[in-house]
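The values are calculated or read from the model by the stated rules, or taken from the named source; none is laboratory data. Because the structure is predicted, anything quoted here is derived from the model rather than measured. Cβ atoms come from the backbone with ideal geometry, glycine included; neighbour counts cover every protein chain shown. Each accessible area value is taken on the protein alone, full model and side chains, heavy atoms only, with ligands, DNA and RNA left out. Shrake-Rupley method; radii C 1.70, N 1.55, O 1.52, S 1.80 Å.
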Amino acid sequence: MLQDISILLWIIIKIILIVIPLLLSVAYLTYAERKVIGYIQVRLGPNRVGFRGLLQPFADLIKLITKEIIIPTKSNKYLFVIAPLFALVPALAAWAAIPFAQGMVLSNMNAGVLYLFSMSSLGVYGVLIAGWASNSKYAMLGALRSAAQTISYEIAMGFALVGVLLASGSMNLTNIVNSQQGGILHWWCVPLLPLFIIFWIAGIAETNRAPFDLAEGESEIVAGFHVEYSGIGFAIFFLSEYASMILIATLLTLFFMGGWLSPFSGDGFLANIFYIVPGIAWLLIKIVGFLFVYLWIRATFPRYRYDQLMRLGWKILIPGTIGWICITALLVVSHVKPWF
Amino acid sequence: MKKIYQRCLYYLKSFLLLELLAGLMLTGKYFIISCFRNRLTIQFPEEQTPISPRFRGLLALRRYPNGEERCIACKLCEAVCPALAITIESAPRENGTRRTTRYDIDMFKCINCGLCEESCPVDSIVVTPIHHYHILERGQNIMSKEKLLAIGDLMEDQLAADRLHERDFR
């Protein structure tokens, strides 16, 4: 009995150790986003609150928390209140299966890939429920778009993952990372480059980020599914969106960029220098790089039109992934060195 | 044959995402530039944009160096004002000179055209570079003679310098 409680406590401590840094990084991701986009547009970004605006996320948070929560009349109140949680919970729950370094994982499940995939797909339920429960035409349209988009791009994402599964021969995330041992050339992003890029594009679409942010297309449907939300409800949607961004960046790192593995290996000069860098630092560096590109892409590309989005998803990404899965299978069967 | 070649080239280009990468390079260039310096942004309360000596802001009444107000109540400014913002009443003093007893400018009517300054024979009514001002309550929009003179006293050094600078063009 006592042992059970201690295990439970230990798990709760681990969860806190994951969630608190995650929420902090979400806060600073919003700051980084405003800064990066500001710099790209030759502005300064927030620089008033604290040193160089570093306290800006907390000022925003306090503002959002103290704002009034407005529940629209004739909305479905229970669903309206629950919807943000439906968006937030999967975005946080997915982190249970993420290994941060060798053995540093909350739950080392063997079907980790499937779990992650299902969790990242569940996020759309929050959006759908929010759009429907708001009883607003803009929210409804945004939710419909988001649902269609997520379903379309999930297929491409799933197929891209099939390539990784073929190559690594495992669904356990730790094993997938370990199968990429041996320096930068052995990472799956080299033999599976098209799948890597397709997974990236589909991941951006999955998180409803620019240039695929039709679900909240400001110019047409105000703010999309969360148009009726204010205060803390809006903040939770915001939080879940950024948490899923970080999640997608982490998945890219784990599946294609060798997770916590150092890009240098063997007995080379660089490998000896970088031997002291811990695995989690490599993981964080890679995640930050992907997140930066997320923001960079947002600042660069205009939004897709809806039919273009569907065309890209169904006519280019899905056939592309299927084609490269066949090539991957051939590579695996013929044991092409140095990867298989 | 040429058409097929061009088609292939087109597909190659779009599948290699060349144009997307070109766009990313452009924005990335600006990101790196603004990481090192930003010469465009003026951080307003601390820094301000330079103001021309001909800037037409809030109005003011000037005095002579001996403290006597310049205005002789000729009412040329009142006559020339296109927005009818100026109201002047005048009376002779004990020493026989004519001076204003009332000189009101309605800041709601004033369009900052500067015609009053151009018409003034004694450089009394002038435009100042003050442009950060606000009106909180009804009635504050009427700038009385005392207020205008106070602004003139406050800004006299700069007003005189600006007038000197622009002397050749007036």
* Structure fact -> Residue count, segment A:272-297, condition surrounded by fewer than 19 Cβ atoms within 10 Å (Cβ to Cβ) and within 14 Å of chain B (Cβ to nearest Cβ), comes to 4
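Let's see how each residue does on (1) modelled with pLDDT of 85 or more; (2) of a type in the set (Gly, Ala, Ser):
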{"site": "B:Phe36", "(1), (2)": "no, no"}
{"site": "B:Leu40", "(1), (2)": "no, no"}
{"site": "B:Gln43", "(1), (2)": "no, no"}
{"site": "B:Thr49", "(1), (2)": "yes, no"}
{"site": "B:Arg54", "(1), (2)": "yes, no"}
{"site": "B:Ala60", "(1), (2)": "yes, yes"}
{"site": "B:Tyr64", "(1), (2)": "yes, no"}
{"site": "B:Glu69", "(1), (2)": "yes, no"}
{"site": "B:Ala79", "(1), (2)": "yes, yes"}
* To do: Write out, first by first residue and then by second, each pair whose Cβ atoms fall under 6 Å of each other, whose residues are 6+ apart or on separate chains, and whose first residue, in segment A:36-59, is at the interface with chain B (Cβ under 9 Å from one of its Cβ atoms) while the second is of a type in the set (Val, Ile, Thr) and buried (at least 16 other Cβ atoms within 10 Å of the Cβ).
  => A:Ile40/B:Thr27
* **Verdict on A:Ala139 being buried (at least 17 other Cβ atoms within 10 Å of the Cβ) and over 17 Å from the mean Cα position of the chain (by Cα)** => yes
* Pairs only if they're at least six apart or on different chains, beta carbon under 9 angstrom, first in segment A:9-33 and without any contact (Cβ under 8 Å) to a residue 60 or more places away in the chain and under 23 Å from A:Ile65 (Cα atoms), second of a type in the set (Ser, Thr, Tyr) and in a helix (DSSP H, G or I); list them, first residue then second. => A:Ala27/A:Tyr242
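Go through segment A:178-195 and give me each residue that's aliphatic (A, V, I, L, M) and within 22 Å of A:Gly320 (Cβ to Cβ). So that I can check it myself, show each step before the final result.
Here is the first cut: in segment A:178-195, the ones aliphatic (A, V, I, L, M) are A:184-185, A:190, A:192-193, A:195.
Hits for segment A:178-195 are A:Val190, A:Leu192, A:Leu193, A:Leu195.
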* To do: Evaluate segment A:46-66: report whether one residue or more is crowded, with 18+ Cβ neighbours inside 10 Å, at pLDDT below 85 and farther than 30 Å from A:Gly169 by Cβ.
  => yes
* Asked: Do you know which residues across segment A:200-214 are away from chain B (no Cβ under 14 Å) and part of a helix (DSSP H, G or I)?
  -> A:Ala202, A:Gly203, A:Ala205, A:Glu206, A:Asp213, A:Leu214
* Pair list, Cβ under 8 Å, 6 or more apart: segment B:23-35 residue more than 19 Å from A:Ala32 (Cβ to Cβ), other residue open to solvent by less than 80 Å² (accessible area, probe 1.4 Å) and not in a helix (DSSP H, G or I) -> B:Gly23/A:Phe301
* Structure fact -> Residue count, segment B:132-170, condition exposed (fewer than 13 other Cβ atoms within 10 Å of the Cβ) and in a loop (DSSP other than H, G, I, E, B), comes to 12
* **Of all residues making up segment B:16-66, the number that are within 13 Å of chain A (Cβ to nearest Cβ), surrounded by 13 or more Cβ atoms within 10 Å (Cβ to Cβ) and over 20 Å from A:Trp296 (Cβ atoms)** => 1
* **Selection from segment B:108-134 of residues that are more than 18 Å from B:Ile88 (Cα to Cα) and of a type in the set (Phe, Trp, Tyr)** => B:Tyr133
* Which one of the conditions (1) within 25 Å of B:Ile72 (Cβ to Cβ); (2) in a loop (DSSP other than H, G, I, E, B); (3) touching a residue at least 60 places away in the same chain (Cβ under 8 Å) does B:Val126 fail to meet, given that it meets all the rest? -> (2)
* To do: Go through (1) part of a helix (DSSP H, G or I); (2) surrounded by fewer than 16 Cβ atoms within 10 Å (Cβ to Cβ); (3) not basic (Lys, Arg) one by one and return the number of the condition B:Pro82 breaks.
  => (1)
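Suppose the filter is within 14 Å of another protein chain (Cβ to nearest Cβ), open to solvent by less than 30 Å² (accessible area, probe 1.4 Å) and touching a residue at least 24 places away in the same chain (Cβ under 8 Å); does A:Leu317 pass it? Spell out how you get there, then give the answer.
Details: within 14 Å of another protein chain (Cβ to nearest Cβ): yes; open to solvent by less than 30 Å² (accessible area, probe 1.4 Å): yes; touching a residue at least 24 places away in the same chain (Cβ under 8 Å): yes.
Considered against the rule, which asks whether it is within 14 Å of another protein chain (Cβ to nearest Cβ), open to solvent by less than 30 Å² (accessible area, probe 1.4 Å) and touching a residue at least 24 places away in the same chain (Cβ under 8 Å), A:Leu317 comes out as yes.
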* Select, from A:Ser107, A:Ser146, A:Ser134, the only residue that is open to solvent by less than 10 Å² (accessible area, probe 1.4 Å), farther than 18 Å from A:Ser244 by Cα and of a type outside the set (A, V, I, L, M, F, W, C). => A:Ser134
* Asked: Which members of segment A:162-186 meet the condition of being open to solvent by less than 10 Å² (accessible area, probe 1.4 Å) and either closer than 20 Å to A:Val333 by Cα or without any contact (Cβ under 8 Å) to a residue 60 or more places away in the chain (or both)?
  -> A:Gly163, A:Val164, A:Ile176, A:Gln180
